[in-house]
1. Of all the residues that make up the range 198-217, how many are over 17 Å from Arg251 (Cα atoms) and touching a residue at least 60 places away in the same chain (Cβ under 8 Å)?
2. From the set of residues in the range 223-235 that are part of a loop (DSSP other than H, G, I, E, B) and in contact (Cβ under 8 Å) with a residue 40 or more places away in the chain, which is nearest to Asp166 (Cα to Cα)?
3. Name the residues in the range 124-163 that are among the hydrophobic types (A, V, I, L, M, F, W, C) and either assigned to a helix (DSSP H, G or I) or within 20 Å of Thr43 (Cα to Cα) (or both), would you?
4. How many residues, within the range 190-205, are in a loop (DSSP other than H, G, I, E, B) and buried (at least 23 other Cβ atoms within 10 Å of the Cβ)?
5. Sort through Gly198, Gly219 and tell me the only one that's of a type outside the set (Asp, Glu) and modelled with pLDDT under 95.
6. Can you confirm whether Asn220 is in contact (Cβ under 8 Å) with a residue 40 or more places away in the chain, open to solvent by less than 10 Å² (accessible area, probe 1.4 Å), over 30 Å from Asn60 (Cβ atoms) and not aromatic (Phe, Trp, Tyr)?
7. Looking at the range 118-141, can you tell me whether even one residue there is more than 22 Å from Glu238 (Cα to Cα), in contact with a Gly (Cβ under 6 Å, 6 or more places away or on another chain) and not basic (Lys, Arg)?
8. Which count do you get for residues in the range 164-173 that are part of a loop (DSSP other than H, G, I, E, B) and open to solvent by less than 10 Å² (accessible area, probe 1.4 Å)?
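The values are calculated or read from the model by the stated rules, or taken from the named source; none is laboratory data. Not measured: the values here are computed from a predicted model. With ideal geometry, Cβ positions are generated from the backbone for all residues, glycine too; neighbour counts draw on all protein chains shown. With ligands, DNA and RNA removed, areas are computed over all heavy atoms of the protein, side chains included. Shrake-Rupley method; radii C 1.70, N 1.55, O 1.52, S 1.80 Å.
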Amino acid sequence: MPAGEPRRPDAADEAQWVWAEIKAEARRDAESEPALASYLYSTIISHSTLDRSLSFHLGNKLCSSTLLSTLLYDLFLNAFSGDPDLQSAAVADLRATRTRDPACVSFSHCLLNYKGFLACQAHRVAHKLWTQSRRPLALALQSRISDVFAVDIHPGAKLGKGILFDHATGVVVGETAVIGDNVSLLHHVTLGGTGKAGGDRHPKIGDGVLIGAGATILGNVKIGAGANIGAGSVVLIEVPPRATAVGNPARVVEGKEASKLDECPGMSMDHTSFISDWSDYTI
């Protein structure tokens, strides 16, 4: 590292910083809104780490009369505390939501109230169970995630870090789908298959992709890094990196001068600027 350059925080430092922010936010909210004080104390303030807070909150959200919160708490805590990758992914997802969603007012707001974030963290544990051949439990957890959060992600699906499920209602992700790092997708997005065929049959989403509301991507197709999938599109073809696909069936649009996007859509959340590159239509 060059002399004088500030040291980049490692994963542990970043997790500690985010957790300190969450606890400070929760204390401020408890002081300003006494009606929430007990809730904030039990979910955040009373816990020593993000892993414990998240495990407690998920356990209470996903429990049922036959799937007890204490059982789920132990399940989540063992998974998070024993796997640094799960811990760093949760921190990256918190940062992604706080940075990219202008409606997210704090890290604690995301942790407590964003069902897309919570569904993503619960799925990560279900995926871990799936890879450990604990498939009945993984599928039971998937079912509860779908019931509670209206997000249906097969436990076999692989998710990267820095994921934003914005609004999240109606998101469906199939068994062999892969979602890269720093991907943002909105509500009612489907990453599905094309029929009854088995095997590797679901989309592969590259890093930094933005998928608009109601978009459907079907089959074992590759969406290149930094691509933008327009809202309501039905994608059945491969989309090149940093390109835009729109329509039903979707086509890759060609810009007036260049069809490639200058920014990473998954990070910028820019859904519409590409329109001026390929159309003279104005409202």
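1. Going through the range 198-217 one residue at a time, the tally reaches 0.
2. Restricting attention to the range 223-235, the residues satisfying the condition of being part of a loop (DSSP other than H, G, I, E, B) are 224-227, 230-233.
Among the residues that remain, those that are also in contact (Cβ under 8 Å) with a residue 40 or more places away in the chain are: 225-226, 230-231.
Numbers: Ala225: 19, Gly226: 17, Gly230: 15, Ala231: 13 Å.
Per the criteria, the residue is Ala231.
3. Within the range 124-163, Val125, Ala126, Leu129, Trp130, Leu137, Ala138, Leu139, Ala140, Leu141, Ile145, Val148, Phe149 qualify.
4. 2
5. Of Gly198, Gly219, the one residue that is of a type outside the set (Asp, Glu) and modelled with pLDDT under 95 is Gly198.
6. For Asn220, the condition - in contact (Cβ under 8 Å) with a residue 40 or more places away in the chain, open to solvent by less than 10 Å² (accessible area, probe 1.4 Å), over 30 Å from Asn60 (Cβ atoms) and not aromatic (Phe, Trp, Tyr) - is not met.
7. For the range 118-141, residues more than 22 Å from Glu238 (Cα to Cα), in contact with a Gly (Cβ under 6 Å, 6 or more places away or on another chain) and not basic (Lys, Arg): present.
8. The number of residues fulfilling the criteria is 1.
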